[in-house]
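The values are calculated or read from the model by the stated rules, or taken from the named source; none is laboratory data. This structure is a prediction, so every number in the text was calculated from the model and none was measured. Ideal geometry is used to build each Cβ from the backbone, glycine not excepted, and the neighbour counts take in all protein chains shown. The area values use the complete protein model at the heavy-atom level, side chains included, leaving out ligands, DNA and RNA. Shrake-Rupley method; radii C 1.70, N 1.55, O 1.52, S 1.80 Å.
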Amino acid sequence: MSQSRFTPEATRLDDAARAGWLYYVAGNTQDEIARKLGVSRQSAQRLVSLAVSEKLVKVRLDHPIARCMDLSGALAERYKLRVSEVVPSDPNAPELLTGIAIAAAAELEKMLKSPDEKIIALGTGRALRACVEQLPRMDCPQHRIVSRLGNMMSDGSATPYNAVIRMAERVGAKHYPYPLPVVARDEAELQIMHGQEPVRHTMELCARADLTLVGVGQVGATAPLHVDGFMEAAEMQMLVDQGAAGEITSWVYDAEGRIMDCAFNARVASAPLPVQGGGPVIGLATGPAKAQAIAAALRGRLIDGLITDEVTAGRLLKA
């Protein structure tokens with residue numbers, strides 16, 4: 001029998017899991033945990049903290065928060081959403097991602113628990129990475145995780161915040177990175193790229209996805225496209241002047257959610273938007289800077305699901 005299960009690290013996590021269960025489930029005090037585990041009170045406290053930091057313990061709020069529930073229902077009705085989730089806002093941190101990341105992870109977890117094969121397509125960005133970090137470790141070899149956009153910068157380096165590989169590692173699923181740069185140099189190069197068999201296969205998987213989860217990016221000086229190095233400030237300002245309202249998987253769209261006919265979009269290598277058919281396309285976004293972009297994406301049906309916070313939801317209902 002393999003002895004790897006009994007390494008010091010594994011034993012430490014076992015003790016942390018026991019301490020976490022005793023504290024959060026059984027309701028023991030730290031003194032009681034120390035006595036039952038045969039350790040000092042300080043050690044018991046550290047084990048409980050370790051259980052949380054290693055995500056062995058996940059706290060879920062079961063009490064229905066009336067305002068969030070009302071906002072969720074109102075958003076679903078107004079924008080005909082297939083998925084609508086509103087989490088509480090933190091007044092001191094309006095762009096905090098933790099709440100929406102936990103809610104999105106719960107949606108993913110429900111899909112991943114299916115015994116039948118499911119295809120999950122992901123965008124990229126900070127919110128998506130935060131969501132994946134909230135997923136528990138699972139064993140899901142029956143599922144496929146696919147990226148909707150390229151995983152390389154123009155110089156060949158990896159793009160920041162790519163979530164597909166990280167998620168596949170956490171849940172043990174097959175994964176299909178999009179083997180292209182985010183943006184091609186020109187339309188001719190893009191046509192050659194899209195002619196490659198692995199790329200065509202990846203795009204087919206994206207079109208058939210049972211669940212698609214994407215970030216929603218704002219436009220302007222703080223736009224991810226500009227900050228992450230995909231678009232120069234002058235080009236970004238030109239698109240803003242032409243009516244750009246937001247971007248999803250690098251596709252820039254206007255205030256009505258229409259993909260813009262522009263030189264930048266002509267070089268975008270991502271899987272097409274809007275997604276035709278398949279499961280829900282859920283946008284994961286929060287904060288005042290993104291409100292305009294989210295509203296436009298909802299109007300244009302670029303997304304038909306939304307996970308956001310209560311302040312952003314209130315802004316969207318006034319848009």
Cα centre as origin, Lys/Arg/Asp/Glu Cβ charges: region 176-319 dipole, Debye: 360
Using distinct alpha-carbon pairs, which all enter the 1/r mean, Kirkwood radius of region 81-180 in Å: 14.4
The chain - accessible surface per residue (Å², probe 1.4 Å): 50
Relative contact order of region 101-206, defined on C-alpha pairs under 8 angstrom at six or more residues apart (%): 28
Solvent-accessible area, 1.4 Å probe, carbon plus sulfur percent, for the chain: 53
Debye equation applied to the C-alpha atoms of region 103-153, log10 I(q)/I(0) at 0.23 Å⁻¹: -0.95
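Might you report the magnitude of the Cβ-based charge dipole of region 232-281 about its Cα centre, with Lys and Arg at +1 and Asp and Glu at -1, to the nearest 20 debye?
220
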Once the Cα gyration tensor of the chain is diagonalised, semi-axes √(5λ) in Å: 38, 24, 18
Calculated P(r) tail over 24 Å for region 174-267, as whole % of Cα pairs: 27
R0 of 22 Å, Cβ-Cβ distance residue 185-residue 234: FRET efficiency to nearest 0.05: 0.80
Three-way shape label, region 196-319, alpha-carbon gyration tensor, a/c 1.5: oblate
Antiparallel DSSP beta bridges within region 192-290, as percent of all bridges there, nearest 5: 60
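Tell me the volume per residue, in Å³, of the convex hull enclosing the alpha carbons of region 46-117.
On the way: hull volume 10.9 nm³, N = 72.
Taking only Cα atoms, region 46-117 has a hull volume of 151 Å³ per residue.
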Gained length - residue 262 relative to residue 58, 0.36 nm times residue gap less alpha-carbon distance: 69.0 nm
